[in-house]
Amino acid sequence: MSDGTNHSGSKRAKAIRGALGAAALLGAWLIASPAAHADTVEVSPPGANDWSCKPTAEHPFPVILVPGTFESMAKNWASMAPALKSEGYCVYSLNYGSTNGVDATGPIADSAAQLAPFVDAVLASTGAEKVDLVGHSQGGMMPRYYMGFLDGAKKVNALVGIAPSNHGTQGLITPTPGGLPSATTAGGSNCQACSDQQAGSAFLTKLNSLGDTLPGPAYTVISTTHDEVVTPYQSQFLAGPAEKVTNITIQDKCPADPIEHDQTPNDPVVQRLVSNALGRPAGQPADPAFQPNCV
């Protein structure tokens, strides 16, 4: 017996409204972000930014990959994005904080303000309640500002930081002639994000005034003893209860792993550790007992 309602038409209209809402949020992010010009938006890493993707029951939280200082999403996540996509995740990434055409070099608070509408666009597109954030270096720390000062914590299930600059580095982060970051004692004058990441900076003092963690999200930190950028590497770790925070040193799992700062997202061991963290029950960090294949 019919009630006169066109259910298929109603569902179609709802789907269209959802798609339009996601498009509007993404458009707002593009307008708000000074880094969001055609090149940075269109060049995504393989497997990322499929706006038709819908999360599954097995992987209910879309994953947003946040690049590090001087990095574009295409370079930083060239191997991580397709690896996660192949596991069935909806994967997204963005560029942010462009200064004079160099990504992720602007004031970190401003970059966090660019992350916020991107998260909203992903949530609107996927219909998910929360996202998982995976960030490298600055990208593993900057989301904490979004979570703590921009009301983002309620939208994040887990933050996975790969060599994150949570408590800063003892030197300044500067680009080397080859374009890769390094920690030195000079330079960085054209990179506010570099100054923001120096241990004891005003930015980090404000960030950590809230404490290392916030109620709600789970936190996983993955670090290497060979880190030459965020030093000492122990400064990357977060303090918090074991049920909410897992700090992992790669060489505790795979002693012979030589990976350094820049290439950590491309390390198969790191990718297995990230996969473990993302595969945990909602609100739980990586399993500290998990042993990845070291080969």
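Computed values, structure above
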{"quantity": "Residue among L84, L30, L26 that alone is closer than 26 Å to S111 by Cα, modelled with pLDDT of 50 or more and in a helix (DSSP H, G or I)", "calculated": "L84"}
{"quantity": "Subset of the stretch 103-136 (residues that are on the phi < 0 side of the Ramachandran plot and either assigned to a loop (DSSP other than H, G, I, E, B) or at pLDDT below 95 (or both))", "calculated": "D103, T105, G106, P107, A128, E129, K130"}
{"quantity": "Among (1) under 18 Å from the mean Cα position of the chain (by Cα); (2) in contact (Cβ under 8 Å) with a residue 60 or more places away in the chain - the single one T246 does not satisfy", "calculated": "(2)"}
{"quantity": "Cross-chain or 6+ apart pairs with Cβ under 6 Å, the stretch 204-219 first and within 28 Å of P281 (Cβ to Cβ) and of a type outside the set (D, E, K, R), then at pLDDT 95 or above and loosely packed, with under 15 Cβ neighbours inside 10 Å", "calculated": "A218/G283"}
{"quantity": "Residue ranges of helices (runs of 4 or more DSSP H) in the stretch 186-295 with at least 1 members in contact with a His (Cβ under 8 Å, 6 or more places away or on another chain), within 25 Å of A109 (Cα to Cα) and among the polar types (S, T, N, Q)", "calculated": "202-208"}
{"quantity": "Any hit, the stretch 106-123, residues being over 23 Å from G279 (Cα atoms), β-branched (V, I, T) and in contact with a Ser or Thr (Cβ under 7 Å, 6 or more places away or on another chain)", "calculated": "no"}
{"quantity": "Test: residue in the stretch 48-61 that is within 25 Å of L150 (Cβ to Cβ), outside any loop (DSSP other than H, G, I, E, B) and in contact with a helix residue (DSSP H, G or I) (Cβ under 6 Å, 6 or more places away or on another chain)", "calculated": "yes"}
{"quantity": "Complete set of residues in the stretch 47-97 that are of a type in the set (S, T, Y) and surrounded by 21 or more Cβ atoms within 10 Å (Cβ to Cβ)", "calculated": "T69, S72, Y89, Y92, S93, Y96"}
{"quantity": "Within the stretch 161-174, considering residues that are outside any loop (DSSP other than H, G, I, E, B) and at pLDDT 95 or above, the one nearest to D262 (Cα to Cα)", "calculated": "I162"}
{"quantity": "Set A124, A158: member being surrounded by fewer than 21 Cβ atoms within 10 Å (Cβ to Cβ) and among the hydrophobic types (A, V, I, L, M, F, W, C)", "calculated": "A124"}
{"quantity": "Enumeration of residues in the stretch 137-159 that are under 11 Å from I64 (Cβ atoms) and part of a helix (DSSP H, G or I)", "calculated": "G139, P143, Y146, K155"}
{"quantity": "Pairs with Cβ under 9 Å, 6+ apart, first in the stretch 93-114 and free of Cβ contacts under 8 Å to residues at least 60 places away in the same chain and within 17 Å of G140 (Cβ to Cβ), second of a type in the set (F, W, Y) and assigned to a loop (DSSP other than H, G, I, E, B)", "calculated": "S93/W77; A112/Y96"}
{"quantity": "Sole residue being under 16 Å from the mean Cα position of the chain (by Cα), at pLDDT 60 or above and under 26 Å from V270 (Cα atoms), chosen from A199, A158", "calculated": "A158"}
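The values are calculated or read from the model by the stated rules, or taken from the named source; none is laboratory data. What you see is a predicted model, and the numbers here were worked out from it, not measured in a lab. We place every Cβ from the backbone using ideal geometry, glycine too, and count neighbours over all the protein chains shown.
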